[in-house]
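K.L.:
Here it is, the structure in full.
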Amino acid sequence: MSTKYIFVMGGVMSGLGKGIAVASIGKILQGMGYQVSAIKIDPYINVDAGTMNPKEHGEVFVTEDGLETDQDLGNYERFLGENIYSSNYMTTGSVYQTVIQKERNLEYKGRCVEVVPDIPNEVISRIEKAVKKTKAEIMLVEVGGTVGEYQNMIFLEAARMMHLKNPKDILFIMLSYLPVPNKIGEMKTKPTQHAVRILNSTGIQPDFILARSEISLDKVRKRKISIFCNINEEDVISAPDVDNIYQIPINFEKDKIGMKILQKLGLKQKKRDLQRWSRVIKIMSQKNKKVKIGLVGKYFAIGKFTLADSYISVIEAVKHGCWANKCQPDFYWINTDEIKKKGTEILKKLDGVIVPQGWGSRGSEEMIKTIGFCRKNKKPFLGLCYGMQMTVIEFARNVCGLKQANSEEVNPKSPDLVIHIMPEQQELLAKKQYGGTIRLGAWPCKLKQGTKIHQIYKQEKIFERHRHRYEFNNKYRELLEKKGLTICGTSPDKKLVEAVEITNHPFFIGTQFHPEYKSRFLDPHPLFKAFIKACLKK
């Protein structure tokens, strides 16, 4: 069969959950027996997501092959249960960069290179390469942004050109928003009508409209959208708010979206398999015991709002670990500023604490105090990347007596840089080469036998994803181990420290890698399962 393509774009407003919609539709079609993959197109000029502030754009997700991408690739992986590679991600910046480089290399044979058709053609070429790599029978393509924005016009043009060439192989889905204003008390379709007309102006007519709203669509609203948006009434799919994103595939199937998509693409259902998904949904929906988990980070506050998206993979991995232990997570978002104002007393009520990733000096002292509290009070603790580095500093200061121990990133003048920068990274910083130059992607790690982390993984060699520039300073390795900090994971050549633990603690593990990137809804990460199990015991 020829590959089928489903383009998903957003209308009315951003933040509606296009990535979750793509992941959910992908899961449904995967359950019907098809090889499915997904692509994210981001309309910003950045070449990748690596240099963006997490408060502005949310978490940066790292692929197995080391590209820093939008967090939606994490959603695809968590739903589809498969690795999504760098070929499945593009930005305006990366597309233009390639086209300009091709022009410099005379690959356009000296002709005038134009925005249209050359930029859309490059987009199409990248989509086709991703299909070839993933062997996808159905490829979902999420177009970032909202219709009507200047930034994503070239991607909509690429979609239109593909549809013109192979209309039977292409479907368009618009995710739109239907507000229910409090003072009016009625669901309004007009914003969606306008969004569809803007989409029509690009030469695209949606085959389906996913109607996002606080509540389910009624027949009156479906009929209205059908009339004014030139779409069959049965192809307006209700997408109300749900308690948990993993309920969305089940919710979409109430309107039989999977079968409708296959019919429009001329495909037959090979099987029906969402049974295991439904079983976990049942566990997730039960009123099981709650476990109080504190995330102590510095990217939560954005004005008067809390932005949990900065740590979305960690949050989802904790949820997976909880459901595997038949309990429910009760999250406490703790900004490092709170520790500064109120002290570590606020951590007493928690069953477990996670110190996640971070950059720079801000909040480092509060993280160190948090880790010290967990170590002394035998409270289950998990440090991730920056969290592991702060763990090493806390132990060096308060157990080994190196009172001024620090990271070179935080205080380069410290006499005891227990976390330092490697020479090759120092050269890159001197040249101001920041983007895409840190340690990225999956790296091998050898676990020490007899350690807690080895018991958790049940294997000696693992591969986990990284995203950092600074490393453990081996100069202090002997001292820290002598005082009781176990180096439980290293690179196979033993030059890089990848994980540390205090073995006689209920749970005290720090990893230089990011295990949260590999946790999936149907396959929770073993570290998070073990962490939650320890929290329940505590």
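K.L.:
Kindly provide the set of residues from region 44-92 that are in contact with a Phe, Trp or Tyr (Cβ under 7 Å, 6 or more places away or on another chain) and either in a helix (DSSP H, G or I) or surrounded by fewer than 19 Cβ atoms within 10 Å (Cβ to Cβ) (or both), ordered by number.
P.N.:
THR51, PRO54, LYS55, GLU64, ASP65, LEU73, GLY74, ARG78, PHE79, THR92
K.L.:
Answer yes or no as to whether ARG223 is modelled with pLDDT under 90, not acidic (Asp, Glu) and not in a strand (DSSP E or B). Break it down into steps so the answer makes sense when it comes.
P.N.:
Working: modelled with pLDDT under 90: no; not acidic (Asp, Glu): yes; not in a strand (DSSP E or B): yes.
It is false that ARG223 is modelled with pLDDT under 90, not acidic (Asp, Glu) and not in a strand (DSSP E or B).
K.L.:
Counting just the residues of region 162-186 that are out of contact with any strand residue (DSSP E or B) (no Cβ under 7 Å at 6 or more places or on another chain) and more than 19 Å from THR202 (Cβ to Cβ), which one comes out surrounded by the fewest Cβ atoms within 10 Å (Cβ to Cβ)?
P.N.:
Pass one, region 162-186, residues out of contact with any strand residue (DSSP E or B) (no Cβ under 7 Å at 6 or more places or on another chain): 164-168, 179, 181-186.
Subset that is more than 19 Å from THR202 (Cβ to Cβ): 168, 179, 181-186.
On the way: LYS168: 11, PRO179: 18, PRO181: 9, ASN182: 6, LYS183: 4, ILE184: 9, GLY185: 7, GLU186: 10.
Ranking the qualifying residues of region 162-186, first place goes to LYS183.
K.L.:
Turning to a different aspect of this structure: What strands (runs of 3 or more DSSP E), lying completely within region 226-335, carry at least 3 residues that are outside the structural domain of ALA211 (by TED's automatic domain parsing)?
P.N.:
Details: elements: 236-240, 290-297, 328-335.
The strands (runs of 3 or more DSSP E) meeting that bar are 290-297, 328-335.
K.L.:
Has region 245-253 got any residue that is more than 21 Å from ILE209 (Cβ to Cβ) and touching a residue at least 12 places away in the same chain (Cβ under 8 Å)?
P.N.:
yes
K.L.:
From the list ASN398, ASN377, ASN406, which one is farther than 22 Å from HIS525 by Cα, surrounded by 23 or more Cβ atoms within 10 Å (Cβ to Cβ) and polar (S, T, N, Q)?
P.N.:
ASN406
K.L.:
Does region 336-345 contain any residue that is of a type in the set (S, T, N, Q), crowded, with 18+ Cβ neighbours inside 10 Å, touching a strand residue (DSSP E or B) at 6+ places or on another chain (Cβ under 9 Å) and in a helix (DSSP H, G or I)?
P.N.:
To start, the set of residues in region 336-345 that are of a type in the set (S, T, N, Q) comprises 336, 344.
Next, only the ones that are crowded, with 18+ Cβ neighbours inside 10 Å stay: 336, 344.
Right, trim to touching a strand residue (DSSP E or B) at 6+ places or on another chain (Cβ under 9 Å) and you get 336.
With the extra rule that they be in a helix (DSSP H, G or I), the set shrinks to 336.
The answer is yes, given that some residue of region 336-345 is of a type in the set (S, T, N, Q), crowded, with 18+ Cβ neighbours inside 10 Å, touching a strand residue (DSSP E or B) at 6+ places or on another chain (Cβ under 9 Å) and in a helix (DSSP H, G or I).
K.L.:
Considering only region 203-215, state which residues are closer than 25 Å to LEU262 by Cα and surrounded by 15 or more Cβ atoms within 10 Å (Cβ to Cβ).
P.N.:
Passing the criteria: ILE204, PRO206, ASP207, PHE208, ILE209, LEU210, ALA211, ARG212.
K.L.:
Going through region 93-124 one residue at a time, which ones are surrounded by 21 or more Cβ atoms within 10 Å (Cβ to Cβ) and within 17 Å of PHE7 (Cα to Cα)?
P.N.:
Within region 93-124, PRO120, VAL123 qualify.
Conditions (1) within 18 Å of the chain's Cα centre (by Cα); (2) in contact (Cβ under 8 Å) with a residue 60 or more places away in the chain; (3) within 30 Å of LYS271 (Cβ to Cβ), marked per residue:
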| site | (1), (2), (3) |
| --- | --- |
| TYR5 | no, yes, yes |
| VAL12 | no, yes, no |
| LEU16 | yes, yes, no |
| ILE20 | yes, yes, yes |
| TYR34 | no, yes, yes |
| PRO43 | yes, yes, no |
| HIS57 | yes, no, no |
| VAL60 | yes, yes, no |
| THR69 | yes, no, no |
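K.L.:
Only one of (1) without any contact (Cβ under 8 Å) to a residue 60 or more places away in the chain; (2) surrounded by fewer than 23 Cβ atoms within 10 Å (Cβ to Cβ); (3) touching a helix residue (DSSP H, G or I) at 6+ places or on another chain (Cβ under 7 Å) is not met by GLN151, so which one is it?
P.N.:
Only one criterion is unmet by GLN151, namely (1).
K.L.:
Just need a number here: residues in region 506-538 that are of a type in the set (Asp, Glu) and either free of Cβ contacts under 8 Å to residues at least 40 places away in the same chain or closer than 10 Å to ALA317 by Cβ (or both). Outline the logic, then answer.
P.N.:
Restricting attention to region 506-538, the residues satisfying the condition of being of a type in the set (Asp, Glu) are 516, 523.
Subsequent filtering for residues that are either free of Cβ contacts under 8 Å to residues at least 40 places away in the same chain or closer than 10 Å to ALA317 by Cβ (or both) retains 516.
Here the count works out to 1.
K.L.:
Which residues, taken from region 78-92, are closer than 18 Å to GLY144 by Cα and of a type outside the set (Phe, Trp, Tyr)?
P.N.:
ILE84, SER86, SER87, ASN88, MET90, THR91, THR92
K.L.:
Then there is this: Considering (1) over 23 Å from the mean Cα position of the chain (by Cα); (2) in a strand (DSSP E or B), say which one LYS349 fails and leave the rest.
P.N.:
Tallying (1) over 23 Å from the mean Cα position of the chain (by Cα); (2) in a strand (DSSP E or B), LYS349 fails exactly one: (2).
The values are calculated or read from the model by the stated rules, or taken from the named source; none is laboratory data. What you see is a predicted model; the values in this text were computed from it and never measured. Note: ideal-geometry Cβ built from the backbone for every residue, glycine included; neighbour counts use all protein chains shown.
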